[in-house]
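The values are calculated or read from the model by the stated rules, or taken from the named source; none is laboratory data. If you're wondering where the values come from, they're calculated on a predicted model, not measured in any experiment. Cβ sites come from the backbone with ideal geometry, for glycine too, and all protein chains shown count toward neighbours.
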Amino acid sequence: MKTQYYTATSLDGFIATEDDSLDWLFPLGDLNNSSYPEFISKVGALAMGSATYEWMVRNADRVADEAGSPWPYTQPAWIFSSRKLPAIEGANIRFVNGDVRQVHTEMRAAANGKNIWIVGGGDLAGQFYDAGLLVELIVQIGSATLGKGKPLFPRRVLSPCLRLVSVRQMGSGMAELYYEINKDDSIGST
C-alpha cells in the first residue's frame, strides 16, 4: 500500500490556471494512452482538495461525457475542505477538515491494501508529504506553459529526497516522471 500523488503539470510547474481551469491539459494527450488505467486499478481510496472537487462539480457534464458518470471513481474519496460543498449524487465521498494524519488512518482501512491517491491539489499533496505519508510522485509534464497558476507542489524538497525511478514519453505532448520519496531524507518522516 502506497500513498501517491499522481498529477499533471505544465512545463513551468502549474497544475491549473489561477481560476482552477484544466482546459490547457486536455489537448495534450489521451488519458487512456497513459499510465492512468493501470494506476487507477491499484487505487483503493482518494484524497482530494476543495478546488479539485469544485472543478469536478463545475464540470460534471464534461466528466460524465468522458467517463459515463459525473463522478468517475468507484473508490471512496475524502474531500478536504473548510467550506461546505455540494455533494455529487452517487459519489462515495466524505467531507473532512483538519490534519491529514488522522484521515489517512481511515483511508488506509478503506483502501483494503490498495494504494491511496492524492488527486490534488498541490498543497494537499504537500500536507501528506509534511506528515511523512507521501511515498511517490507520478508527474505528467505537458508541453504547455501557463505563466502563473496553482503550483504543482508548493514545498521545498531538496535532493536527495526524490529518487527518479523512470521517465516515459507519452506521445508528442507529455512526459511522465516517476519519483520515490526517500523517507530518511524527507521532512516529517518518522
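Residues of segment 1-29 being closer than 25 Å to D130 by Cβ and of a type in the set (F, W, Y), which ones? The answer is Y5, Y6, F14.
Candidates in segment 144-154 are the residues that are of a type in the set (G, A, S) and touching a Ser or Thr at 6+ places or on another chain (Cβ under 8 Å); of these, the one that is nearest to T9 (Cα to Cα) is A144.
Within segment 154-171, is even one residue under 23 Å from D19 (Cβ atoms), surrounded by 20 or more Cβ atoms within 10 Å (Cβ to Cβ) and at pLDDT 95 or above? Among the residues of segment 154-171, not one is under 23 Å from D19 (Cβ atoms), surrounded by 20 or more Cβ atoms within 10 Å (Cβ to Cβ) and at pLDDT 95 or above, which makes the answer no. List every residue pair whose Cβ atoms sit under 7 Å apart, with the two residues 6 or more apart in sequence or on different chains, where the first one lies in segment 1-23 and is surrounded by fewer than 17 Cβ atoms within 10 Å (Cβ to Cβ) and the second, anywhere, is among the β-branched types (V, I, T). Close Cβ pairs satisfying both conditions: K2/V135; L11/I141; L11/T145; D12/T145. Scan segment 58-95 for residues that are outside any loop (DSSP other than H, G, I, E, B) and at pLDDT 95 or above and jot them down. Hits for segment 58-95 are A77, W78, I79, F80, I93, R94, F95.
Residues in segment 121-137: is at least one touching a residue at least 24 places away in the same chain (Cβ under 8 Å), more than 16 Å from the chain's Cα centre (by Cα) and surrounded by 14 or more Cβ atoms within 10 Å (Cβ to Cβ)? Looking through segment 121-137, at least one residue is touching a residue at least 24 places away in the same chain (Cβ under 8 Å), more than 16 Å from the chain's Cα centre (by Cα) and surrounded by 14 or more Cβ atoms within 10 Å (Cβ to Cβ).
State which residue is nearest to D12 (Cα to Cα) when the search covers only segment 96-143 and only residues that are among the polar types (S, T, N, Q) and assigned to a helix (DSSP H, G or I). So the residue we want is Q127.
Restricting attention to segment 89-120, the residues being small (G, A, S) and without any contact (Cβ under 8 Å) to a residue 40 or more places away in the chain number 4. Count of segment 159-180 residues, restricted to those that are basic (K, R) and touching a residue at least 24 places away in the same chain (Cβ under 8 Å), is 1. For segment 142-160, the criterion of being of a type in the set (A, V, I, L, M) and under 16 Å from the mean Cα position of the chain (by Cα) is satisfied by at least one residue. Screening the candidates L134, L152 for the property of being among the aliphatic types (A, V, I, L, M) and within 24 Å of N59 (Cβ to Cβ) yields one hit, L152. Counting the residues of segment 1-29 that are in contact with a strand residue (DSSP E or B) (Cβ under 9 Å, 6 or more places away or on another chain) and either of a type in the set (V, I, T) or in a loop (DSSP other than H, G, I, E, B) (or both) gives 15. Applying the set (1) touching a strand residue (DSSP E or B) at 6+ places or on another chain (Cβ under 7 Å); (2) of a type outside the set (A, V, I, L, M); (3) surrounded by fewer than 16 Cβ atoms within 10 Å (Cβ to Cβ) to G68 leaves exactly one unmet item: (1). Evaluation of N32 against the conditions (1) surrounded by fewer than 18 Cβ atoms within 10 Å (Cβ to Cβ); (2) among the polar types (S, T, N, Q); (3) in contact (Cβ under 8 Å) with a residue 12 or more places away in the chain shows that the sole unmet condition is (3).
Matching residues to (1) touching a residue at least 12 places away in the same chain (Cβ under 8 Å); (2) of a type in the set (V, I, T):
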residue: P37; (1), (2): no, no
residue: V63; (1), (2): no, yes
residue: A67; (1), (2): no, no
residue: Y73; (1), (2): yes, no
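Picking from residues in segment 144-168 that are in a strand (DSSP E or B) and hydrophobic (A, V, I, L, M, F, W, C), the one that is nearest to L124 (Cα to Cα) is L162.
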